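Scroll down for the structure; my scribbles are underneath it.
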Amino acid sequence: MAQIPDRIYMDKKDKELYEKLDDESMLKHKGGNRTRKEQFLFAMAVGFEKGVRRELEKREGLFNLKDLKLEDEALINAIAINETKSISIISKKNEVHKIVEEYAHAGIKLLVEEIHSCEFGSFEKLYEKKLKEIFIKLDI
């Protein structure tokens, strides 16, 4: 019998990468205003935007699924639908979570590398510029 998922996982080796995000004011967890869930979603989005997935080697729980808001679930489902080109994927939560966990696993490494390659304070400006470019492309 399939087990009902209750959490989102990260690769155990990614723990230190998530902790490195705490050095960046925009993504700070402890003492800041970001949760591990929000950091995961950001890493997932980076992995998805770059088109890179990496299989988790050793899974470790990152946060509980009950912490997901409706809009978080919509984003996660949208990525899984885009990946599989099938809306029926959303009925297979284990597969949906595997897809987004793999995007986040790749994305967290890319995100930390990008932060450390930027000058101090320029990371926020870089992502503000990217968001503006995306908004312009939407032409709304």
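Bear in mind that the values in this text are calculations on the coordinates, not laboratory data. No experiment lies behind these values; they were computed from the predicted model shown. Counting neighbours? That spans all protein chains shown, and the Cβs are built from the backbone with ideal geometry, glycine included.
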**Message:** Using a 7 Å offset from the Cα along the Cα-to-Cβ direction at both S91 and D22, what is the distance between the two label points in nm, to one decimal?
**Reply:** 4.2 nm
**Message:** Under 5 Å between amide hydrogens, which residues at least 5 positions from F63 or on another chain qualify, with H placed 1.01 Å from N in the peptide plane?
**Reply:** I8
**Prompt:** Out of I81, L111, V100, whose Cα points farthest toward the positive end of the dipole of segment 75-115 (charges: +1 Lys, Arg; -1 Asp, Glu; placed on Cβ)?
**Reply:** I81
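Name the longest site-free stretch of the chain, where the excluded sites are trypsin sites (Lys or Arg not before Pro) in a DSSP loop with no more than 15 other beta-carbon atoms within 10 Å.
In short, 93-140.
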**Fill in**
GluC sites (Glu not before Pro) in segment 45-140 lying in a DSSP loop, each with at most 15 other Cβ atoms within 10 Å of its Cβ, come to E55, E57, E119
**Prompt:** With r defined as the distance between the Cβ atoms of N77 and S117 and R0 fixed at 35 Å, what FRET efficiency is calculated, to the nearest 0.05?
**Reply:** 0.65
**Prompt:** What does the convex hull of the alpha-carbon atoms of the chain project to on average, in nm²?
**Reply:** 9.5 nm²
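In debye, nearest 20, what is the charge dipole magnitude of segment 7-138 about its Cα centre with +1 on Lys and Arg Cβ and -1 on Asp and Glu Cβ, if you could check?
Using only the charged Cβ atoms, the result is roughly 320 debye.
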